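Report on the following structure.
The values are calculated or read from the model by the stated rules, or taken from the named source; none is laboratory data. In this text, all values refer to a predicted model and were calculated from it rather than measured experimentally. Cβ placement follows ideal geometry from the backbone for every residue including glycine, while neighbour counts extend to all protein chains displayed.
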Amino acid sequence: MKPDTLSESGYRVTEDADLSRHNSFRVPARAQWLIEVDDARALPEVFELGAVKSSPVLVLGEGSNVLLTRGWPGVVLVPAMRGIRILEDRGDAALVRVGAGENWNEFVHWSLGRGFAGLENLILIPGSVGAAPIQNIGAYGVEVREFIATVEAFDRRTGQYVRIDNATCTFAYRDSVFKRDPDRFVVTAVEFLLPRSRELVLDYAGVRDELVAMNIDDPNHAAVAEAVMRLRLRKLPNPAQIGNAGSFFKNPVVPAALADALLRANPALPCWPATDGNRKLSAAWLVDAAGFKGAREGDAGVSERHALVLVNHGNATGAQIHALAHHIIDAVDARYGIRLEPEPRIV
């Protein structure tokens, strides 16, 4: 496989690639080969390349939900397919196809600018559109699965292109069939069914209070988007300024009996109803209460602004950030009997 493959072939190849710009933690890592695919039709050819057939393959979007603990001894494949187009306008909603390589936040702005509703609570989430269904991204009471109609992907197992409907994606909290089988599918595009009118989701994490602070009594979708942007910019460190991957731990879902026992001992612990009679607890509160907010081990640290966000203060390695995460997991487990799970993919 030769470096600097012509772009007309639908993909570009780099040998001994620096991955520091391909992960939002900005940790140092290299890959033997980096292949950026601009045209989904090139994927069968890409997977027939000798280096790809003989090496482990890591599919990576913008790297905003991954922690690279070491270099990658094989091929890193980046789906870079672009394009946004309306496939079908149904009046009250539209079916919109978006290339996997489009930036998620730019797509949310695109949808709001054209009068579509629903994605406003998901504004400013870093990453690519292709990564959104893998993680089933969510924020401020909304999850992307509510709008996904179909995911287009290349099935590495069969060598065929597939269209996977919403039900078959088996979405769950920060989970999907794509995340559970990471070596099978390469997402190439996502089709969204976007409504033009939808009830606002306001009862989560200070959205109403922010609207009051903005002197807005009768909010619309654009106002909610602005409120969420203000909240995120105030609470979460910007990956462009300090390396991070957003929330590092999932909010744990526990049996109601355990939640009730914890609440009796810790009345301030935030708790919400979850599926099957379970309860969802605040991972941020647990990390903060365990004494880790603002903590630092070398250049690996926890943000002073938000206890869920692990950060790279400059020269931390992925292994050092991973070690800090395990210290937090062990401390929360010892104190509260709950073992937190990382939200990003650990490589």
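Summary table
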| item | result |
| --- | --- |
| Sole exception among (1) within 30 Å of residue 305 (Cβ to Cβ); (2) not in a loop (DSSP other than H, G, I, E, B) for residue 187, by number | (1) |
| Every residue from region 289-347 that is over 25 Å from residue 70 (Cβ atoms), part of a loop (DSSP other than H, G, I, E, B) and in contact (Cβ under 8 Å) with a residue 60 or more places away in the chain | 305, 306, 337, 338 |
| Residues located in region 77-121, provided they are crowded, with 16+ Cβ neighbours inside 10 Å, among the charged types (D, E, K, R) and either under 19 Å from residue 139 (Cα atoms) or touching a Phe, Trp or Tyr at 6+ places or on another chain (Cβ under 6 Å) (or both) | 120 |
| Failed condition for residue 46, given (1) farther than 27 Å from residue 112 by Cβ; (2) touching a residue at least 40 places away in the same chain (Cβ under 8 Å); (3) aliphatic (A, V, I, L, M) | (2) |
| Residues of region 250-287 satisfying the condition of being within 18 Å of residue 175 (Cβ to Cβ) and part of a helix (DSSP H, G or I) | 275, 276, 283 |
| Selected residue (only one of 192, 178 is of a type in the set (Phe, Trp, Tyr), buried (at least 16 other Cβ atoms within 10 Å of the Cβ), in contact with a helix residue (DSSP H, G or I) (Cβ under 9 Å, 6 or more places away or on another chain) and outside any helix (DSSP H, G or I)) | 192 |
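For every residue, the table says whether it meets (1) touching a residue at least 24 places away in the same chain (Cβ under 8 Å); (2) assigned by TED's automatic domain parsing to the domain that holds residue 250; (3) within 15 Å of the chain's Cα centre (by Cα).
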site	(1), (2), (3)
61	yes, no, yes
70	yes, no, no
74	yes, no, no
96	yes, no, no
104	yes, no, yes
107	no, no, yes
116	yes, no, no
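Residues checked against (1) assigned to a loop (DSSP other than H, G, I, E, B); (2) modelled with pLDDT of 95 or more; (3) in contact with a helix residue (DSSP H, G or I) (Cβ under 6 Å, 6 or more places away or on another chain):
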| site | (1), (2), (3) |
| --- | --- |
| 199 | yes, yes, no |
| 204 | yes, no, no |
| 210 | no, yes, yes |
| 217 | yes, no, no |
| 225 | no, yes, yes |
| 234 | no, no, no |
| 237 | yes, no, no |
| 240 | yes, no, no |
| 244 | no, yes, no |
